[in-house]
Amino acid sequence: MHAGRWLLWVVPLVLLGLERPAPPSHAPAPDPRALRAARAVPIPPDNPQTPAKVELGRRLFYDPRLSLDGRVACASCHRPEFAFSDGGKPVSVGVFGRKGSRNAPTLTNVAFRRRLFWEGRSPRLELQAVGPLTAHHEMAMEPEALAQRLSSIPEYARAFQEVFGEPPTLKNVAFALAAFERTLLSYDSPFDRFVAGDDSALSPAARRGMELFFSERGDCFHCHVGPEFTDDEPRNTGLYTVYPDVGLARITGKDEDVGKFKTPTLRNVALTAPYMHDGSRKTLREVVEHYNRGGEPNLNADPLIRPLGLSEREVDDLVAFLESLTDTRFIANPALLPPR
């Protein structure tokens, strides 16, 4: 993929006003109450859950000694009070003040993600955890240095021997972190209480917003689908006409993947501002207004991205519904907070 080729491809769309394809037809919107279902967390056979492994993963998650400068933990960018996102920062800051280029996504119900990272390049948590641990602008640890540091800490040396039957390694650090992250489960929002039968759980505005969300007019449910409010698919949402960060195309090298980023979950979304892959939208209202306008002209824009024609009150109602996906018990769960 070449930048010049991309510019030649997108400029005619902007200058000539070429229309995007009509959105595909879809089955009727689901009844929101059908989203209530018991869900078993998928556990990989090579990394079974045990209480000791989960507790070790929790200790590691909050420990800045996993980073090169001893100041950055996983929780530095995934803070529990912000639903395990980065608390108002457009992009995360790693060791020695090094800035990344993307917004740290929430870890809410991350056990159910089929694709991880903004491009969806990792298929499982064990692989994803290696990225931040070793990335230059995040925690910047070499595998051997990480193993040696943890082995020199008596409580970790004992814990790894008890859980894995061997000293600390990058692999079993990642496996312990993944085990803890699979416990980050959130299903007690006002919306969840509504679908469980409590009609008083949602405000009138949130109920109107829910009806819009699950209608062809609001057209949110096609991408933010199912109990997790995501299809885990990479999509170009027309955020820019020319993307500084090419997204999925960075992995595939394909022009048609420029600007594609994975659909994020909307659970606890009111806690995870700012939004989009680069943190460029500060509020939920800005995000809804972006989709209501139909985004920016872009040849790769998903066919579902089009002007919605929603009124100001309807935009407010959609925001109210999105706020109803906040689970306050999740962010205060002592089993998920820093260990003593």
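The values are calculated or read from the model by the stated rules, or taken from the named source; none is laboratory data. Because the structure is a prediction, the values reported are computed rather than measured. Reconstructed Cβ throughout: ideal geometry from the backbone, glycine too, with neighbour counts over all protein chains shown. What goes into the accessible areas is simple: the full protein's heavy atoms, side chains included, and nothing from ligands, DNA or RNA. Shrake-Rupley method; radii C 1.70, N 1.55, O 1.52, S 1.80 Å.
Listed by position, the helices (runs of 4 or more DSSP H) inside the range 85-189 whose residues that are among the β-branched types (Val, Ile, Thr) number at least 2 are 125-134.
Residue-by-condition table, conditions (1) of a type outside the set (D, E, K, R); (2) assigned by TED's automatic domain parsing to the domain that holds Val110; (3) open to solvent by less than 20 Å² (accessible area, probe 1.4 Å):
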position: Val288; (1), (2), (3): yes, no, yes
position: Asn292; (1), (2), (3): yes, no, no
position: Pro297; (1), (2), (3): yes, no, no
position: Pro303; (1), (2), (3): yes, no, no
position: Pro307; (1), (2), (3): yes, no, no
position: Arg313; (1), (2), (3): no, no, no
position: Asp317; (1), (2), (3): no, no, yes
position: Thr326; (1), (2), (3): yes, no, no
position: Leu336; (1), (2), (3): yes, no, yes
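Looking at Arg33, is it outside any loop (DSSP other than H, G, I, E, B), modelled with pLDDT under 55 and of a type in the set (D, E, K, R)? It would help to see each step written out before you state the result.
Values: outside any loop (DSSP other than H, G, I, E, B): yes; modelled with pLDDT under 55: no; of a type in the set (D, E, K, R): yes.
When the stated conditions are applied, Arg33 does not pass them.
Annotation: of all residues in the range 207-232 being in a loop (DSSP other than H, G, I, E, B) and hydrophobic (A, V, I, L, M, F, W, C), the one that is nearest to the chain's Cα centre (by Cα) is Phe229. Of the helices (runs of 4 or more DSSP H) that lie entirely inside the range 233-340, those containing 2 or more residues that are among the basic types (Lys, Arg) span 284-293.
Candidates Val195, Val242: the one that is at pLDDT 95 or above and in the same structural domain as Leu322 (by TED's automatic domain parsing) is Val242.
Residues of the range 53-68 being open to solvent by less than 40 Å² (accessible area, probe 1.4 Å) and farther than 19 Å from Ala332 by Cβ, which ones? Matches in the range 53-68: Lys53, Leu56, Gly57, Leu60, Asp63, Leu66, Ser67.
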